[in-house]
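Peer 1: One structure follows; several queries about it will come next.
Where a number appears in this text, it was derived from the coordinates with a stated rule and is not lab data. Remember, it's a predicted structure, so these values are computed and weren't measured experimentally. Because the Cβ atoms are built from the backbone with ideal geometry, glycine has one as well, and the counts that use them run over all protein chains shown.
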Amino acid sequence: MEYHGEHMAVGMDTLAVTKSLDRLERQMEVVILPPFSYGAASYAVAAPESSGTLHVKASVLAPLAEQIFTGLLRIGFRNIHGVIHHQTENLSAGMPTDLAFKIGARQALFKFLERTNGEGWWGAQDVNDYST
């Protein structure tokens, strides 16, 4: 949750993503989880005392993301997409929040594949498309 100035509500990033996902849900069959409004926001725009910005370290987000993705895999979800609400303007290089969720997701996926397919799963033909 991040301050964007007096002209916008705190939480604007999450509101924008939520509305976009509402539109997507009308067009296709998807399951949308409740939004997670916290991320590695930093205090680049304003100090927290005057802005309402809540910063959570990426090192805290990665294990949380891993637990979320692990839970989703265990209950049967397979085509999981996380929509990051903050600092995605340079997604190819990675920003703290999306990198934390990528690391958490990858850790969950690899542990799940090893648990379900056994050690050495990487070379098996039937799982060579694990990331698609």
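Peer 1: Choose one answer from Leu24, Leu54, Leu33: the residue with the largest mean-square fluctuation in a GNM of the chain with alpha-carbon springs under 10 Å.
Peer 2: Highest fluctuation of the listed residues: Leu33.
Peer 1: Next question, about the same structure. Sequence-distant or interchain residues sharing an amide H contact under 5 Å with Gly39, placed H: which?
Peer 2: The list, which skips near neighbours in sequence, is Val56.
Peer 1: Based on C-alpha coordinates, I'd like the Rg and Dmax of the stretch 1-107, in Å.
Peer 2: Answer for the stretch 1-107, Rg first and Dmax second: 14.6, 43 Å.
Peer 1: Something else: When the chain is treated as a GNM, springs tying every alpha-carbon pair under 10 Å, which of Ala47, Ala93, Ala16 comes out with the largest mean-square fluctuation?
Peer 2: Ala93
Peer 1: Can you give me the distance in nm between label points at Asp22 and Ala47, each placed 7 Å from the Cα along the Cα-to-Cβ direction?
Peer 2: The two pseudo-label positions are separated by 3.6 nm.
Peer 1: Along the charge dipole of the stretch 12-119, which of Ala58, Leu73, Leu33 sits closest to the positive end, that is, farthest toward it, with unit charges on the beta carbon of Lys, Arg, Asp and Glu (+1, +1, -1, -1)?
Peer 2: About the Cα centre, the residue reaching furthest to the positive side is Leu73.
Peer 1: Please rank Val17, Val45, fewest neighbouring Cβ atoms within 10 Å first, as an exposure proxy.
Peer 2: Ranked by crowding around the Cβ, least crowded first: Val45, Val17.
Peer 1: Ok, one more. Subtracting the Cα-Cα distance from 0.36 nm times the residue separation, let me have the gained length for Glu119 to Val30 in nm, one decimal.
Peer 2: Between Glu119 and Val30, full extension yields 28.8 nm more.
Peer 1: Where nothing but the Cβ of Lys and Arg (+1) and of Asp and Glu (-1) is charged, how large is the charge dipole of the stretch 21-112 around its Cα centre, in debye to the nearest 20?
Peer 2: 360 debye
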